[in-house]
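Enquirer: One structure, as structure tokens, below. Some questions next.
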Amino acid sequence: MPANHDPQDSPGAALPQQVPGRSQQAVALAGFFSLSLAAWAAASVPIILHSSGWFAVSAKAPWMPPGWMFRSMWMLLYAAVAVAAWLVWRKGALTGGTLAGYLTQLVLNAAWPLAFFGLFPVFGGASLWAAFLVIAALGASVAFLILRFGPVSPAAGLLMLPYLSWVVFSSSLNLYSAIHN
């Protein structure tokens, strides 16, 4: 006669995942929005300092949108990234490589304006090529997150798609600037 066996009694058995309470979820969502806001603020400093300087007189791609569109899009994208990360966190899957990928894309996103706008006065055109490498790495990290987030939360994966599209578009602008400046 087989024994009545509870899988939780076995060593190494996975415990059922506890869903965070509403207040914990609200605090976590606020935390993800705060991280995105911090990355956005850090990214904004070199743009504000240099957009009316060397960048104003530089050669720009003919498909370059107006400045207000960049500010609007990045605010929306940072919010979408925060919600996507929160959705994955709620399922207990924002760990290990996925967490590292999330943090990496935040750092790369904040580093790109520093390389593109901030370093140009010092290094000239070489900084635009360095920025292109940074934005290419950012695109790779966002693609990685889509592949990690999507299976956990389809909504999170979908929220990351506009981000990848905008990074690819921004990469084309960066490449044009690197070639023509």
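Enquirer: Hey, if you put +1 on the Cβ of every Lys and Arg and -1 on every Asp and Glu Cβ in the chain, which of Pro154, Phe132, Gln25 ends up farthest toward the positive end of that dipole?
Expert: Towards the positive end, the residue furthest out is Phe132.
Enquirer: If the convex hull of the alpha-carbon atoms of the stretch 96-149 is projected onto planes in all directions, what is the mean projected area in square nanometres?
Expert: Numbers: hull surface 13.3 nm².
Orientation-averaged projected area of the Cα hull: 3.3 nm².
Enquirer: Between the stretch 134-148 and the stretch 49-66, what's the alpha-carbon centroid distance in Å?
Expert: 25
Enquirer: Charges at C-beta only: +1 for Lys and Arg, -1 for Asp and Glu. How large is the resulting dipole of the chain about its Cα centre, in Debye rounded to 20?
Expert: Value, rounded to 20: 340 debye.
Enquirer: To the nearest whole percent, what portion of all C-alpha pairs in the chain is separated by more than 19 angstrom?
Expert: So the pairs more than 19 Å apart make up 62 percent of the total in the chain.
Enquirer: Another question, if that's okay. So, R0 is 45 Å and r is the distance between the beta-carbons of His180 and Lys91; what FRET efficiency does that work out to, to 0.05?
Expert: The calculated FRET efficiency here is 0.50.
Enquirer: I need to check one value: relative contact order of the chain, counting alpha carbon pairs closer than 8 Å and at least 6 residues apart, in percent.
Expert: Relative contact order for the chain comes out at 28 percent.
Enquirer: What residue among Gly21, Gly97, Gly118 has the largest mean-square fluctuation in a Gaussian network model of the chain, using Cα springs under 10 Å?
Expert: Evaluated over the chain, the most mobile residue of the options is Gly21.
Read the figures in this text as sums done on the coordinates, not as results from a lab. Model, not experiment: these values are computed from the prediction. When we count neighbours, we look across all protein chains shown, and the Cβ atoms used for this are built from the backbone with ideal geometry, even at glycine.
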